[in-house]
Amino acid sequence: MMTRREFVRGGIAAFTFGFAAPEFLSDLARAQDTARRNLVVLYLSGGNDALSMIVPYNDPQYRERRPVLAIPAANVLQIGTDRASTALGLNPRLTGLKSIFDAGRLAFIQRTGYANSSRSHFQGTDIWSTANPQVPQGAGWLGRYLDTIPSPADPLVGWSTTRDVPRLLLADRVGVAAIPSVAGYALASPNPGVDAQFARQAATRIASHVPVDMPHLAFVNASAQQAFATLDRVAQVGFYRPAAAYPNNGFGQALQAVAGAMAAGVGTRVFFVQTGGYDTHAGQNTNQANGSYPQLMGTLNDGLLAFYTDLVRQGLFKDTMILQFSEFGRRINENASAGTDHGAASVMMVIGGDVRGGIYGTAANLAPTPDNPTLENNGNDIRYETDFRSVYARVIDNWLGGNSVQVLGGDFRAAAPPFV
Amino acid sequence: MAPRDVLIEHLLRRAGFGASPAVIEAYADMGYATALDALINYESIFDDVDTKIGRPGYVLITARAGFAPTTNITDARQRWLFRMVHTERPLQEKMALFWHNHFATAFGKIAGAVGATEATRTLAAKPSEDAAGVKGQLEVFREFATGNFRDLLIAMARDPAMLIWLDGRTNVKARPQENFARELMELFTMGVGTFPEADVYAGARVFTGWNLARVGGNGAAGSFVFNYNANQHDTTAKEFSFPIYRNGGRTIPSRAGAAGMQDGLDLIDAVASHPATGPRLARKLYAFFVNEVDPPDQALIADLARIYYASRFEIKPMLVRLFTADAFTSSASFYKRYSWPAEFVARALHEVGWAGFSVNDALTPMVTMGQQLFEPPDVAGWDLGPAWFTSGSMVARMNFAAQLATNQKFELRDQAKPVVKSPESLVSWAMDRLTAASFPSDGYNALLDYARAGANWTGSDTQLATKASGVAHLIAGSAHYQFV
């Protein structure tokens with residue numbers, strides 16, 4: 001398998017893209033962003049245990065196969081039944097998401113995945129990022145989308161709130177900014193005043209060098225150029241005053257920065273946010289108040305509720321879509337460590353002002369018989385029902401206004417659930 | 001100042017973390033072959049670097065309520081950075097970092113399981129300093145730094161930090177835990193795509209009973225130790241898709257619980273011997289030490305793999321081959337490795353200066369650069385190469401250069417004063433001191449224009465302090481400097 005390192009090296013010659021002059025950027029951003037729509041991709045890293053998030057609480061097999069981890073029916077937040085009449089309830093910590101669901105702006109798409117699901121975190125993440133289960137290499141699906149927007153791209157068109165630019169945002173022609181902290185995204189200098197200005201001018205000039213015979217150097221210079229071209233606009237985001245209180249954790253603060261960027265109109269179309277800890281091999285402890293899975297759900301719920309509340313109050317929710325994924329779901333049977341091992345299909349969530357909320361797809365039949373068509377791996381794992389690429393296709397076509405056939409390299413539109 | 005020995009500088013950036021001008025000169029005086037011998041055969045060099053912590057003349061550490069690197073993770077990070085700067089066995093420290101990335105184990109999960117103090121002990125304790133003689137994972141990496149890879153795999157399979165990190169401690173016969181077996185094959189040895197899922201399930205059963213025990217109670221005198229729990233070992237036969245034994249046999253036979261630990265040793269020997277492991281390790285070492293920019297020298301990689309198998313998994317002969325290869329010594333490989341944040345920080349401390357600087361003040365910047373020691377992002381380690389570089393991490397690197405240059409302003413002034421007579425000589429002096437790659441003409445002119453900007457050149461103390469720190473900041477914060 002090609003690693004990200006190898007990919008970027010192979011694709012590095014492409015990093016000779018030029019940045020538009022900063023004074024024109026806001027015009028450019030406006031021109032490219034006529035609809036003002038944005039997409040926030042949310043990655044739950046580690047492989048989310050869908051069965052603990054959207055619970056088939058009346059299924060006796062669920063209880064049978066998870067004697068410790070099954071969440072009692074009395075504790076779940078009931079959200080009705082899917083079209084196969086499986087009664088579903090949200091994890092008890094998801095009270096905020098329940099309210100967004102009740103407002104009709106949250107869609108769950110059950111059993112999303114692909115055939116022969118990878119159980120490797122890294123290969124699985126690459127597959128979800130490239131939308132290519134056969135050859136999960138090269139640019140990411142959203143990077144390829146960014147490559148289709150008019151050139152030159154605004155250097156803030158994509159914003160990763162993580163320290164890395166994730167593969168799903170790696171593009172051939174467009175550089176995505178990695179800004180994990182707005183406050184930290186400011187230049188320091190050993191000397192104050194006018195000498196600091198001289199230093200910034202010199203550093204900008206050094207970084208402007210794009211040696212064609214040294215693409216590795218050109219690439220690092222491009223990262224510096226991108227910083228110089230975006231620092232001043234990002235600084236505005238630091239003045240943002242949210243209309244809701246965000247949790248004081250990495251996830252909450254990342255979402256606050258995203259809301260601030262939207263409110264400041266910096267021109268970003270695609271944001272990436274990640275929250276981790278979902279690789280719950282041990283001590284998942286779904287039924288303990290401070291257990292690891294309840295804590296994951298608490299972080300997720302509290303951050304998303306603040307974000308939703310803030311955006312609604314700022315009048316920005318109508319232009320926003322949040323798309324959540326994870327690299328795989330988890331084994332149906334719990335293990336001896338009160339945890340679950342790597343599985344197959346999981347659940348996706350879509351939240352947004354234009355989203356048709358509800359429950360899409362059907363829950364698995366958890367009976368562990370080898371011929372059960374909703375399971376795989378001898379009845380141990382949940383088999384996918386909705387190809388994740390059809391969800392991406394719907395987002396590209398119906399939200400971003402792109403061309404999913406071109407971006408995904410195939411036509412996945414027919415199977416797409418109509419969540420937007 | 002003696003003329004630069006660029007090959008020795010290159011060797012010290014790769015086999016170590018760069019070096020101060022005085023140390024570079026000492027190695028240069030030895031000549032390449034002797035210098036290399038001193039770096040590789042470091043066992044004869046007395047290791048007393050930790051005794052220098054807190055003494056004058058060395059980079060500072062920040063002691064809060066006492067300095068406790070065996071029980072406080074922040075202090076463990078400080079001590080490791082101190083060692084990167086001041087060790088007289090730089091290759092050992094460099095390989096320890098390599099193995100830390102290869103067997104990437106993160107403090108956060110372990111602390112969540114057993115608390116921060118115990119987590120620090122399992123990762124960073126030195127036996128001589130620990131009440132129960134705990135040898136932390138980092139000390140295992142140092143012990144096996146250039147040693148036998150199979151033995152290191154066995155040590156990792158029994159390492160308390162690893163047993164917590166990849167859940168081996170809960171691997172029992174009723175419900176085998178797959179985490180360690182999967183990563184043993186996918187990340188530590190053969191690589192993804194070389195085995196089917198069924199091998200993971202069989203591997204998990206192999207390691208059933210490889211658990212953890214607490215001995216000596218819960219206090220400082222107690223410790224976590226590897227415990228083979230024969231009653232929890234799956235005694236049935238395990239079949240694999242690849243040969244386990246030299247006769248080609250693919251099945252680990254059924255063994256009684258008491259003898260069942262041999263299953264794991266057999267599997268580790270098999271994955272170490274697997275035809276994908278040697279080339280994979282060779283590619284990884286090549287990218288780490290030789291060149292990760294240009295197309296790799298496939299003949300050298302094949303030869304490294306051959307040495308790996310011929311020596312029965314010894315790392316040192318691979319390193320000897322690698323550091324004497326034309327692909328390494330050629331100037332075409334100079335500055336062709338994207339520096340890791342730890343390397344960038346340690347090199348900058350060597351080259352810009354450390355007097356009065358505390359490594360504690362590098363810890364937060366390193367988080368922003370994307371590398372917090374003892375906290376790799378996941379079991380695959382850090383994303384290397386260009387993946388270190390984003391707009392955000394580049395701001396962090398530029399700002400660390402500014403922070404350090406600010407701190408060293410008066411040291412730089414005093415060192416520049418005897419030799420610097422003009423803006424031109426200031427730039428040349430700083431380029432030499434920072435073992436910098438040559439800048440293209442426009443970049444060089446940008447440095448020079450910066451040195452000239454403002455008041456006319458007088459060479460006054462004030463002007464030297466400003467411009468020497470300013471030029472050091474610009475060089476260390478440039479893209480050129482991000483390569484080692």
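Structure data summary
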quantity: Label point distance in nm, B:LYS417-A:ALA414, each placed 7 Å from Cα along Cα→Cβ; calculated: 8.2 nm
quantity: Chain B: C-alpha pair distances exceeding 36 Å, %; calculated: 34 percent
quantity: Global form of the protein assembly as shown, assessed from the alpha-carbon gyration tensor, a/c cut-off 1.5; calculated: oblate
quantity: Global form of segment B:25-140, assessed from the alpha-carbon gyration tensor, a/c cut-off 1.5; calculated: prolate
quantity: Gaussian network model of chain A, springs between alpha carbon atoms under 10 Å - residue of A:ASN249, A:ASN191, A:ASN91 with greatest fluctuation; calculated: A:ASN191
quantity: Overall dimensions of chain A as given by Cα atoms, namely Rg and Dmax in Å; calculated: 22.0, 75
quantity: Rounded to whole Hz, the Karplus (6.51, -1.76, 1.60) HN-Hα couplings of segment B:51-67, x for glycine and proline; calculated: 6, 8, 4, x, 8, x, x, 10, 4, 7, 10, 10, 8, 8, 8, x, 9
quantity: Using alpha carbons only: equivalent-ellipsoid semi-axes of segment A:230-318, gyration tensor based, whole Å; calculated: 29, 14, 10
quantity: Value at 222 nm in deg cm²/dmol, rounded to 500, when DSSP H runs of n ≥ 4 in the protein assembly as shown each add -39,500 (n - 2.57); calculated: -13000 deg cm²/dmol
quantity: Cα-centred dipole magnitude for chain B, charges only on beta-carbon of K, R (+1) and D, E (-1), debye, nearest 20; calculated: 460 debye
quantity: Pairwise label distance in nanometres, B:GLU129 with B:ILE45, each label 7 Å out on the Cα-Cβ vector; calculated: 2.0 nm
quantity: Rounded to 10°, Cα long-axis angle of helix A:388-398 versus longest principal axis of chain A; calculated: 50 degrees
quantity: Kirkwood Rh and Cα Rg combined as Rg over Rh, evaluated for segment B:341-482; calculated: 1.01
quantity: Distance from segment B:5-61 to segment A:212-269 (C-alpha centre basis), Å; calculated: 40 Å
quantity: For chain A, built as a Gaussian network whose Cα springs stay under 10 Å, the top-fluctuating residue of A:VAL55, A:VAL76, A:VAL212; calculated: A:VAL212
quantity: Binned Cα-Cα distance frequencies in segment A:344-420 - 5 Å width, integer %; calculated: 3, 16, 21, 18, 16, 12, 9, 4, 1
quantity: Pairwise label distance in nanometres, B:ARG214 with A:GLU64, each label 7 Å out on the Cα-Cβ vector; calculated: 3.8 nm
quantity: Whole-angstrom gap from segment A:367-420 to segment A:133-177, using each part's C-alpha centre; calculated: 22 Å
quantity: Positive-end residue of B:THR406, B:PHE195, B:HIS350, charge dipole of chain B with Cβ unit charges; calculated: B:PHE195
quantity: Highest-fluctuation residue, A:ALA336, A:ALA153, A:ALA254 considered, GNM on chain A with Cα pairs under 10 Å; calculated: A:ALA336
quantity: Additional length obtainable on full extension of the chain from B:SER441 to B:ASP151, 0.36 nm per residue less Cα span; calculated: 99.3 nm
quantity: 0 to 90° range, to nearest 10: angle between helix A:193-207 axis and chain A longest Cα axis; calculated: 70 degrees
quantity: Förster-model FRET efficiency, 51 Å R0, B:PHE410 and A:ARG313, C-beta, rounded to 0.05; calculated: 0.50
quantity: Förster-model FRET efficiency, 35 Å R0, B:LYS284 and B:GLU239, C-beta, rounded to 0.05; calculated: 0.75
quantity: Heavy-atom surface of segment B:341-482, accessible at 1.4 Å and reported per residue (Å²); calculated: 28 Å²
quantity: Inter-chain Cβ neighbour average for residues A:222-235, partner chain, 10 Å; calculated: 4
quantity: Amide hydrogen neighbours beyond the local backbone of B:TRP210, cut-off 5 Å, H modeled; calculated: B:ASN229
quantity: Degrees separating the helix B:6-15 axis from the principal Cα axis of chain B, which is the longest one; calculated: 30 degrees
quantity: Gain on full stretching of the segment that runs from B:SER330 to B:ALA258 - 0.36 nm per residue minus C-alpha separation; calculated: 20.5 nm
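The values are calculated or read from the model by the stated rules, or taken from the named source; none is laboratory data. Fair warning: this is a prediction, and the values are worked out from it, not measured in the lab. Methodologically, a virtual Cβ is constructed for each residue, glycine included, from the backbone with ideal geometry; neighbour enumeration extends over all protein chains shown. Just the protein is used for accessible areas: all its heavy atoms, side chains included, with ligands, DNA and RNA removed. Shrake-Rupley method; radii C 1.70, N 1.55, O 1.52, S 1.80 Å.
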